[in-house]
Each structure stands twice: as structure tokens, then as C-alpha cells.
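The structure appears right after this line, and notes come after that.
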Amino acid sequence: MTARETSIAAAILDAMHNYDGGQAHELTIHADATLIFRVEIPRNEFAAVFADLNRRGAFLGVATEFKGTLWSLTPRGEKIRQEMK
Amino acid sequence: MSAKIKGTASGRPETAMERFKAAWKKLSEPSQAYWREQLSSQRTQADLRREIKAKLKVELPADNYLTRFRSWLDAEDQRGVMAEKIEQRKKELLAGGMTLEEAQEVLLVEAAAYSTAARDFKLGLKTSREITTMKAGALDRQKFEFDAARACLAKLPELKAVSDKPKLSDEEKAKAIQQILFPQ
């Protein structure tokens, strides 16, 4: 991961940590991560980092009937977040 | 002797609040509906904590745990509402002819507006509506301009023929070209 990708990943993980075990839609996570990052995160960069973190087991995605897929942070994701600090 | 602290994958001991939230997530919808009713009722906090301990086997040490849980539940509900709105809007935008990428750009602006105004739900909705209208207008214009350029390319020989007619005024040529590009 490049330094920028790591910073984006940290912003995503911080945003999801703030949900305190709760779930959110990917676009909401993107918006909240952007607030933490303080600069707009381009959609393609966000999607790439999010997919990479998901592959590493940082998130749990639950498909719903009307709300799309809702994502929450797993304990592994919290561990990755702590390691980035 | 105190109970052994149970470790979690993150390495921290599991708190009462974490156990309560884990128990909440395992509840069926009717059970959650029951507890929502209890949490918004006139019952005392102590009474609720007793019932939670008896039925969910989670001991909340103090009344403020319930206050914090209610705040967490409200935030969860708001995010749930937002997720539903996002999916609904996505369908509307896609049905309106936008590509998935264009729709996601609009939706992202809406989600950002909501997040920044998250403490004021009405303001968040109002802001996101205004930004969406602006963004959708800009995207409509872009789409129109691109479609017009594509139509010009396809009809170039006919446009040239109109342009070459010496007896037509500029206004007549413009109307003829308009008719070629956008037939009524």
C-alpha cells in the first residue's frame, strides 16, 4: 500500500470505528471517511482501498432487502486500525 | 473472586455495552420491537436494567449505559434510513438514464451533505436536496451536450447541405439544423 492508500485506509477504518459496532452503507462510509480525511477521496481510490481492506477481513457485509449491503467493522478490522496508529 | 475477563480478538476485554449490543443484534425483529417499546416507555432505568439482566443475561452496571445505548440505536436507525434512501435514489437515477458512475457521484454528494449535517436531520435532507438538484442539473447539461455532439457527428453531411444553401437566412438554417438534430 502506498502512503496515500494507507491514509485513506486509516480514514475508512476510523469512520467505521466511530459507528461503534454499527452498520452503514458504503456511500455513507465514503462520506464519513472523507470528513476525516478532510479532502475528497476519489471514488475509484476509495473503492480500491475498501476492497483491499475487505479482502483482509476488516469488514462484514450483510446484504439487505431494501438497503443494499450494510458494512460493519470486524475485530480483525479493529486490529488493523490499531496497527496503523 | 472477580469473574475472569473474557478476551476478544482485538485483545481487549469485552465490555458490558459490547455484550449488550451483541445480544441486541441476535434478537429477532419482534423482540427488538418489544425492547424499543420498553426503551421509549415510562419505565425506570433500573427496572429496565433488571429485565435486561433477566432476559438477555447482560448486566448493565449503571443507568447511563441505557442512555448511551439509546444514542447508539438512534445513530444506527439514522444510518439505516440513509442506506434505504441511497438505494431508492440509486434506482431513480438509473431509471432516469444516468450511468452507475454518474448516479454514485450524485449519491455521494447527498451522503456527504447528510453526514456533515447529521446532527440536524432536516438540515441534512434540505442541504442534500439542494446539492442534488445542482449536481443533477450539471449532469443533465453534460449529457445533453454530449448527445448533441454525437447527433452532429451522425448528421454531418445533412448539416453541411443546409449550411451551404445560400438562399436561407441564418435563422432559417438554425431552425433546419435543429429539426435535423432533434426531429419533433
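The values are calculated or read from the model by the stated rules, or taken from the named source; none is laboratory data. Small disclaimer: the values here were computed from a predicted structure and weren't measured. Note that we place each Cβ from the backbone using ideal geometry, even for glycine, and neighbour counts take in every protein chain shown. SASA here: full protein model, heavy atoms, side chains in, ligands and nucleic acids out. Shrake-Rupley method; radii C 1.70, N 1.55, O 1.52, S 1.80 Å.
Counting Lys and Arg as +1 and Asp and Glu as -1, each charge on the Cβ, what is the dipole of chain A about the Cα centre in debye, to the nearest 20?
200 debye
Determine the residues within segment B:84-113 where the difference in accessible area between the chain on its own and the full set of protein chains amounts to at least 30 Å²; count protein heavy atoms only and use a 1.4 Å probe.
Flagged in segment B:84-113: B:Glu84, B:Ile86, B:Glu87, B:Gln104, B:Leu108.
Among the listed pairs B:Lys26/B:Lys55; B:Lys25/B:Lys55; B:Lys26/B:Lys57; B:Lys26/B:Lys90; A:Lys67/B:Lys91, which have their C-alpha atoms separated by more than 20 angstrom in this model?
B:Lys26/B:Lys90
Return the value, in Å² to the nearest 100, of accessible area buried between chains A and B (probe 1.4 Å, both sides summed).
For chain A against chain B, roughly 1800 Å² becomes buried.
Top to bottom by accessible area (1.4 Å), largest first, where do A:Phe37, B:Phe20 land?
Largest to smallest exposure gives the sequence A:Phe37, B:Phe20.
Just reorder A:Thr64, A:Thr28 by solvent-accessible area, largest first, 1.4 Å probe, all chains present.
A:Thr64, A:Thr28
Among A:His30, A:Leu60, A:Gln82, pick out the residue whose Cα is farthest towards the positive end of the charge dipole of chain A, where Lys and Arg carry +1 and Asp and Glu carry -1 on C-beta, about the Cα centre.
Of the options given, the answer is A:Gln82.
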